[in-house]
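K.L.:
The following block contains the structure, expressed as structure tokens.
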Amino acid sequence: MVETKMLTVVNPTTGETIREVPQHSSDDVKKAFEAAKEAQKSWAKQDVSERIEILDRFGKLLVEKHESLAEILTDEMGKPLQQSKSEIRATKIRVDFFTENCKSLIAEELVFEDPKHRMQEGITHEPLGVIANISAWNYPYFIGANVYVPALLTGNAVLYKASEFTVLSGLEMEALLKEAGLPDHLFQTIVGDGAIGAEILEQPIDGVFFTGSFATGSKIASAAASKMIKVQLELGGKDPIYVCDDVDYQVAAEGIAEGAFYNSGQSCCAVERIYVHESICDDFIEEFCDLIESYSVGDPKEDKTLIGPLTRKEQLDVLEDQVQDALDKGAKLVLGTGKRLDRPGNYFDPTVLANVDHSMKIMREESFGPVVGIQSVASDEDATRLMSDTEYGLTAGVYCNSGTRAEVILNQINCGTVYWNCCDRVSTRLPWSGRGHSGVGLTLSKAGITCFTKPKAWHWRSPD
Ligand code: NAD
């Protein structure tokens, strides 16, 4: 008899084990795929209105149960409870967007008619089939729903590879979809680590939608290359913000502090590099550090907590190394110690560095934690050059009083999303996409629904 491997779910706040969950084996993955393949055939034929009804119910259940779901999320990944609650509640907004727009977007279209030659041209939208949704842990409800909700609505079945760090939430999502009336096997949460994720790619799946690091995204792209299937990768970022000389630096500091430290800095679009015009740089740094200092670090279950533990213990080493590398090259600590906190759990002391430059890892490699570097710049040209000096291309922003000035700068940055006087923001209505090492493809917006379908072009000539 083969022994079932267990996945240990650890609470990052305490370091204690929450639960042991049975991992799937490669045989389980194969069976899950076969069951999904079978279930998808009738799901695709079902009227879209019926699919919409089920996903609508799922959205309502998310809100109804958000308090208990948030407790689970906070326990397993350490996100401050208030932030867990708002993520789950706000996921309904995304579900609503998808259910409201799906029907018209996948309706059959007649695009040309020539009665003289009895000719018609039309387009239909077919589901891809069985897709893999391989997901990250930092916003599991958002980034999961961005994929599986439109995928299910458009008639696909989903193998959902929950992150090993948020597997309990992944299992809750499956239970909720079932409760909403989703037929069996259309959404299956696959439990395990990266090796089990790789097993999904061994199956004859029809598409892979991945959210995670550039390193894993590259492996997924290679594994999928010869399959000739749809591959979408939403990867990391090193997102810059430039604060111009004409702004109210206090207002800018407030927006950027939240953008850098929300979710304890573990957001793909968190502000990770700050460039400030030299004429206001000292004032900005002082204001920025005062704000971060006022953020309460502690138990994520307490209402006042804004910064909790990091989800992955290993990231503490990464952050300490980035800070030490910067200090060795001449950076200055203006807030924090740049080290883990001496307490149980994966806590890192919120840290701000000044006198940084692009020779330092802190300005080049994704940090994904409560640490940020601030670099003084002499001009817009200087800022634009530095903002562009990256392999990533997720978001970039400018704080300034002139929209034209912001536009000139942001037009030069090669990234999927740009912000004027705001940051760290995602809209359901807009495409969410990365360039370069931040990925390929998109989710959200209307295009984030149709990307789960394949168009079929119809040429019709009726008989005399
Ligand atoms: P990760 O790459 O370590 O893991 C992501 C998922 O891939 C997990 O479920 C993991 O088990 C699985 N996996 C690992 N190896 C695999 C393999 N060989 N084959 C198949 N699956 C495999 O990333 P993470 O730590 O979970 O997430 C953090 C990263 O995600 C950060 O870089 C962050 O910026 C990025 N992210 C990007 C977005 C975006 O929208 N662009 C959103 C959220 C997170």
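The values are calculated or read from the model by the stated rules, or taken from the named source; none is laboratory data. Since we're looking at a predicted model, the values are computed, not measured. Virtual Cβ from ideal backbone geometry, glycine too; neighbours counted across all protein chains shown. For accessibility, only protein heavy atoms count, side chains too; no ligands or nucleic acids. Shrake-Rupley method; radii C 1.70, N 1.55, O 1.52, S 1.80 Å.
K.L.:
For Ala326, all conditions in the list (1) buried (at least 17 other Cβ atoms within 10 Å of the Cβ); (2) part of a helix (DSSP H, G or I); (3) under 26 Å from the mean Cα position of the chain (by Cα) hold save one; what is the number of the exception?
P.N.:
Only one criterion is unmet by Ala326, namely (3).
K.L.:
Just to be sure I understand the filter: pairs with C-beta atoms under 8 Å, separated by 6 or more residues or on different chains, first member in the stretch 37-57 and touching a residue at least 24 places away in the same chain (Cβ under 8 Å), second member among the basic types (Lys, Arg). Which pairs pass?
P.N.:
Listed by first residue and then by second, the contacts come to Trp43/Arg51; Val48/Lys103; Ser49/Lys103; Ile52/Lys103.
K.L.:
What is the residue count in the stretch 331-353 for residues that are closer than 15 Å to Val318 by Cβ, touching a Phe, Trp or Tyr at 6+ places or on another chain (Cβ under 7 Å) and assigned to a loop (DSSP other than H, G, I, E, B)?
P.N.:
0
K.L.:
Here is a check on your reading of the model: is Asn421 at positive phi, among the polar types (S, T, N, Q), at pLDDT 95 or above and surrounded by fewer than 18 Cβ atoms within 10 Å (Cβ to Cβ)?
P.N.:
yes
K.L.:
Here's a follow-up. Quick check on my filter: what residues within the stretch 405-418 are touching a residue at least 60 places away in the same chain (Cβ under 8 Å) and of a type outside the set (A, V, I, L, M, F, W, C)?
P.N.:
Those that are touching a residue at least 60 places away in the same chain (Cβ under 8 Å) and of a type outside the set (A, V, I, L, M, F, W, C): Arg405, Thr417.
K.L.:
Quick check on my filter: what residues within the stretch 433-446 are farther than 16 Å from Ala151 by Cα and either within 11 Å of the ligand (Cβ to nearest atom) or open to solvent by 70 Å² or more (accessible area, probe 1.4 Å) (or both)?
P.N.:
Here is the first cut: in the stretch 433-446, the residues farther than 16 Å from Ala151 by Cα are 433-440.
The answer is Ser433, Gly434, Arg435, His437, Ser438, Gly439, Val440.
K.L.:
Does Lys361 satisfy being more than 21 Å from Val398 (Cα to Cα), without any contact (Cβ under 8 Å) to a residue 24 or more places away in the chain and of a type outside the set (Ser, Thr, Tyr)? Quick ask: steps written out before the conclusion?
P.N.:
Details: more than 21 Å from Val398 (Cα to Cα): yes; without any contact (Cβ under 8 Å) to a residue 24 or more places away in the chain: no; of a type outside the set (Ser, Thr, Tyr): yes.
The answer is no for Lys361.
K.L.:
If a residue must be within 30 Å of Val147 (Cα to Cα), acidic (Asp, Glu) and open to solvent by less than 80 Å² (accessible area, probe 1.4 Å), how many such residues does the stretch 102-120 contain? Reasoning before the result, please.
P.N.:
Going residue by residue through the stretch 102-120, those that are within 30 Å of Val147 (Cα to Cα) are 102-111.
Still in the list and also acidic (Asp, Glu): 108-109.
Then keep just the ones that are open to solvent by less than 80 Å² (accessible area, probe 1.4 Å); that gives 109.
So the answer is 1.
K.L.:
Could you pull out the residue among Asp321, Asp299 that is surrounded by fewer than 17 Cβ atoms within 10 Å (Cβ to Cβ), of a type in the set (Asp, Glu) and either modelled with pLDDT of 95 or more or part of a loop (DSSP other than H, G, I, E, B) (or both)?
P.N.:
Asp321
K.L.:
What are the pairs, 6+ residues apart or on separate chains, where a residue within the stretch 78-102 that is under 16 Å from Thr166 (Cβ atoms) has its Cβ under 7 Å from a residue that is of a type in the set (Phe, Trp, Tyr) and open to solvent by less than 10 Å² (accessible area, probe 1.4 Å)?
P.N.:
That search, which allows pairs on different chains as well, returns Glu87/Tyr141; Ile88/Tyr141; Thr91/Tyr141.
K.L.:
Of all residues being over 23 Å from Ser427 (Cβ atoms) and aliphatic (A, V, I, L, M) in the stretch 380-407, which is surrounded by the most Cβ atoms within 10 Å (Cβ to Cβ)? Just the residue, please.
P.N.:
So, considering only residues that are over 23 Å from Ser427 (Cβ atoms) and aliphatic (A, V, I, L, M), the one surrounded by the most Cβ atoms within 10 Å (Cβ to Cβ) is Ala383.
K.L.:
Do we have Ser267 as in contact (Cβ under 8 Å) with a residue 24 or more places away in the chain, within 16 Å of the ligand (Cβ to nearest atom), in a loop (DSSP other than H, G, I, E, B) and under 27 Å from Ile362 (Cα atoms) here?
P.N.:
Here the answer is yes, as Ser267 does meet what is asked.
K.L.:
Still on this structure, please answer the following. From the list Ile285, Ile307, which one is surrounded by 21 or more Cβ atoms within 10 Å (Cβ to Cβ) and in contact with a helix residue (DSSP H, G or I) (Cβ under 7 Å, 6 or more places away or on another chain)? Break it down into steps so the answer makes sense when it comes.
P.N.:
Working: Ile285 fails: in contact with a helix residue (DSSP H, G or I) (Cβ under 7 Å, 6 or more places away or on another chain).
Ile307 is the lone residue from the list that is surrounded by 21 or more Cβ atoms within 10 Å (Cβ to Cβ) and in contact with a helix residue (DSSP H, G or I) (Cβ under 7 Å, 6 or more places away or on another chain).
K.L.:
For Val95, are the conditions met, namely being open to solvent by less than 10 Å² (accessible area, probe 1.4 Å), assigned to a helix (DSSP H, G or I) and either touching a helix residue (DSSP H, G or I) at 6+ places or on another chain (Cβ under 9 Å) or of a type outside the set (S, T, N, Q) (or both)?
P.N.:
Details: open to solvent by less than 10 Å² (accessible area, probe 1.4 Å): yes; assigned to a helix (DSSP H, G or I): yes; either touching a helix residue (DSSP H, G or I) at 6+ places or on another chain (Cβ under 9 Å) or of a type outside the set (S, T, N, Q) (or both): yes.
Criteria met by Val95.
K.L.:
Exactly one condition in (1) open to solvent by less than 20 Å² (accessible area, probe 1.4 Å); (2) among the small types (Gly, Ala, Ser); (3) assigned to a helix (DSSP H, G or I) is false for Ser68; which is it?
P.N.:
The single condition Ser68 does not satisfy is (1).
K.L.:
Right, next: When you scan the stretch 167-263 for strands (runs of 3 or more DSSP E) that lie fully inside it, which ones turn up with 1 or more residues that are away from the ligand (no atom under 15 Å from the Cβ) and buried (at least 21 other Cβ atoms within 10 Å of the Cβ)?
P.N.:
Numbers: elements: 187-190, 207-211, 230-234, 239-243.
So the answer is 187-190, 239-243.
K.L.:
Follow-up question, since we're still on this one. Out of curiosity, is Pro344 open to solvent by less than 20 Å² (accessible area, probe 1.4 Å), assigned by TED's automatic domain parsing to the domain that holds Cys415, within 30 Å of Glu67 (Cα to Cα) and not β-branched (Val, Ile, Thr)? Step through it out loud before you land on a result.
P.N.:
Numbers: open to solvent by less than 20 Å² (accessible area, probe 1.4 Å): no; assigned by TED's automatic domain parsing to the domain that holds Cys415: yes; within 30 Å of Glu67 (Cα to Cα): yes; not β-branched (Val, Ile, Thr): yes.
Against the criterion (open to solvent by less than 20 Å² (accessible area, probe 1.4 Å), assigned by TED's automatic domain parsing to the domain that holds Cys415, within 30 Å of Glu67 (Cα to Cα) and not β-branched (Val, Ile, Thr)), Pro344 does not qualify.
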